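Engineer: Okay, handing you the structure first.
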Amino acid sequence: MSTASSKLNREPLQAADPEIYSTIAAETKRQQENLILIASENLVSRAVLEAQGSVLTNKYAEGYAGARYYGGCNCVDQAERLACERAGELFNAEHANVQPHSGTSANMAVFLAMLKPGDRILGMDLSHGGHLTHGSKVNISGRYYQSFSYKVEPGSCLLNLEEVRKVAHEVRPRLIIAGASSYPRRIDFEGFADIAREIGAIFLVDMAHTAGLVAAGVHPNPVLCSDIVTATTHKTFRGPRGGMIFCRHKYASEIDKAVFPGLQGGPLMHIIAAKAVAFKEAQLPDFVTYQENVLANASALAAALAELDFTLVTGGTDTHLVLVDLRNKDISGMEAEKLLEEVGIIVNKNVIPYDPRGANNPSGIRLGSPTLTSRGMTPEQMRQIAGLIEKTIASRFNSRNLDDVKRSVENICLEFPAY
Ligand SMILES: *Cc1c(COP(=O)(O)O)cnc(C)c1O
């Protein structure tokens, strides 16, 4: 029997909202029972989950630590100070802002701080690996600013800095962006910095995908040679879903003002606390081992796929991600994504550079190693998974073979629990 009350419901989720409880339970099971190869996803630690689920969600804290527009901020100030200190140390940055709600918000804040509407920006073509927020016409970055793009080389699909230089000198943008969502190779940040300097442009690096690799020192750190760096905390970095910005002292106040009050109101203090936890985890030796294994696994996956006659865009990878061109396998990216999902292998369809099929039904799939590496998998499993991907695509009309693959996927998942 329940009596109406104005008091907060203290029932656990299972009793308070069985529908959402079972949805979360089902998603937990999905994450456990599938081989997740989405390059932008990862698994966070219990500690990160706990901080995200904490009462810090109750607190309004517009402003920055020590200068808030609300009373009662002493505890959350401590959380944000720790987050900023740890992040600054980790990336060797003069200034860190940990308030952006996402990677996209972080990029928007940089544009708001550094540009006027109509200014020119130059980023990597979306269909060649760039991100929506780097000037795509369907994004605010391509609508409020005049956006231009550079492409990868036909054939090799590698970035050629002489081409970038040529476009940069023609366009004379106010801001140049380096960084990508589906480019599997290292980017020459120093080379980009030279180009930006030649034309007096601001140089932004968006390391949304590679922040974890950078923090561990297994990928070049762009903070040292750029004006501003944005990142997400939830991809290779393995923290809560969110964004962050690093910059030189001289841009700090403009960047902070653009994040708040320019673009956001109250910061997500529970997420900022969880970011602080992730920064602490990233300072531990285990994190370096983890990121080394992320690279070793991506490279093993790439090598095994190549051996099975898959075409890899750029021929391989230096990062956590592999872009596969499926044209010689007589299957589209979309069909492959659907088919692989049926056997428990989760990937995303992806455009390849100069894709003849276009963005809606592209020719490629993108694979990444961060999530499976967090489950403890090694190059041995990567080779096995490459074989399962090959078998799935080759056996698309053979349900017995597909059932075999499903069983193999189940066995690997059981051996390497997600949580
Ligand atoms: C993922 C990504 C972002 C955006 O991150 P969200 O948190 O999804 O907004 C920005 N830039 C690049 C290069 C990305 O890969």
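Engineer: Mind checking which pairs have a first residue in the range 157-183 that is open to solvent by 30 Å² or more (accessible area, probe 1.4 Å) and a second that is of a type outside the set (A, V, I, L, M, F, W, C) and assigned to a helix (DSSP H, G or I), Cβ under 8 Å, 6 or more apart or different chains?
Structural biologist: L158/T314; L161/G191; R165/E198; H169/E198
Engineer: Residues of the range 72-103 being away from the ligand (no atom under 16 Å from the Cβ) and either at pLDDT below 95 or within 12 Å of D256 (Cα to Cα) (or both), which ones?
Structural biologist: Hits for the range 72-103 are H95, A96.
Engineer: Say whether the condition of being free of Cβ contacts under 8 Å to residues at least 60 places away in the same chain and assigned by TED's automatic domain parsing to the domain that holds M108 is met by at least one residue in the range 245-266.
Structural biologist: The first filter runs over the range 245-266 and keeps only residues free of Cβ contacts under 8 Å to residues at least 60 places away in the same chain, leaving 250, 253.
Add one more test, that the residue is assigned by TED's automatic domain parsing to the domain that holds M108, and what stays is 250, 253.
Yes, the range 245-266 has at least one match.
Engineer: Which ranges mark the strands (runs of 3 or more DSSP E) fully within the range 307-412 that have 2 or more residues being in contact (Cβ under 8 Å) with a residue 24 or more places away in the chain and of a type in the set (V, I, T)?
Structural biologist: Output list reads 321-325.
Engineer: Related question: Which number in (1) more than 18 Å from the chain's Cα centre (by Cα); (2) outside any loop (DSSP other than H, G, I, E, B) marks the one condition that P267 misses?
Structural biologist: For P267, the exception is condition (2).
Engineer: Tell me whether the range 97-115 contains one or more residues that are surrounded by 17 or more Cβ atoms within 10 Å (Cβ to Cβ) and closer than 19 Å to A359 by Cα.
Structural biologist: Scanning the range 97-115, I find no residue that is surrounded by 17 or more Cβ atoms within 10 Å (Cβ to Cβ) and closer than 19 Å to A359 by Cα, so the answer is no.
The rows are residues; the columns are (1) farther than 30 Å from S149 by Cβ; (2) modelled with pLDDT of 95 or more.
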| site | (1), (2) |
| --- | --- |
| N350 | no, yes |
| A359 | no, no |
| P370 | no, yes |
| L388 | yes, yes |
| I393 | yes, yes |
| L402 | yes, yes |
| A418 | yes, yes |
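So that you can scan it fast, the table gives a plain yes or no per residue for (1) farther than 30 Å from D325 by Cα; (2) more than 16 Å from the ligand (Cβ to nearest atom):
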| site | (1), (2) |
| --- | --- |
| Y60 | yes, yes |
| G63 | yes, yes |
| S105 | yes, no |
| I121 | no, no |
| H128 | no, no |
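Engineer: Something else: Suppose the filter is in contact with a helix residue (DSSP H, G or I) (Cβ under 8 Å, 6 or more places away or on another chain), closer than 24 Å to H131 by Cβ, at pLDDT 95 or above and not assigned by TED's automatic domain parsing to the domain that holds N97; does V313 pass it?
Structural biologist: So V313 does not fit the description; no.
Engineer: Here's a follow-up. Step by step: first the residues of the range 301-317, then only those that are under 22 Å from the mean Cα position of the chain (by Cα) and crowded, with 20+ Cβ neighbours inside 10 Å, then the one that is nearest to L213 (Cα to Cα). Which residue is that?
Structural biologist: That would be T317.
Engineer: Mind checking which pairs have a first residue in the range 3-25 that is of a type in the set (A, V, I, L, M, F, W, C) and a second that is open to solvent by less than 100 Å² (accessible area, probe 1.4 Å), Cβ under 6 Å, 6 or more apart or different chains?
Structural biologist: As it stands, the answer is L13/Y21; A16/N9, since those pairs meet every condition given.
Engineer: Which members of the range 354-383 meet the condition of being over 20 Å from the mean Cα position of the chain (by Cα), within 17 Å of G315 (Cβ to Cβ) and open to solvent by less than 30 Å² (accessible area, probe 1.4 Å)?
Structural biologist: Matches in the range 354-383: S363 only.
Engineer: Related question: Looking at A211 and the list (1) open to solvent by 30 Å² or more (accessible area, probe 1.4 Å); (2) closer than 29 Å to R172 by Cα; (3) within 13 Å of the ligand (Cβ to nearest atom), which single condition is not satisfied?
Structural biologist: Tallying (1) open to solvent by 30 Å² or more (accessible area, probe 1.4 Å); (2) closer than 29 Å to R172 by Cα; (3) within 13 Å of the ligand (Cβ to nearest atom), A211 fails exactly one: (1).
The values are calculated or read from the model by the stated rules, or taken from the named source; none is laboratory data. Remember, it's a predicted structure, so these values are computed and weren't measured experimentally. Virtual Cβ from ideal backbone geometry, glycine too; neighbours counted across all protein chains shown. With ligands, DNA and RNA removed, areas are computed over all heavy atoms of the protein, side chains included. Shrake-Rupley method; radii C 1.70, N 1.55, O 1.52, S 1.80 Å.
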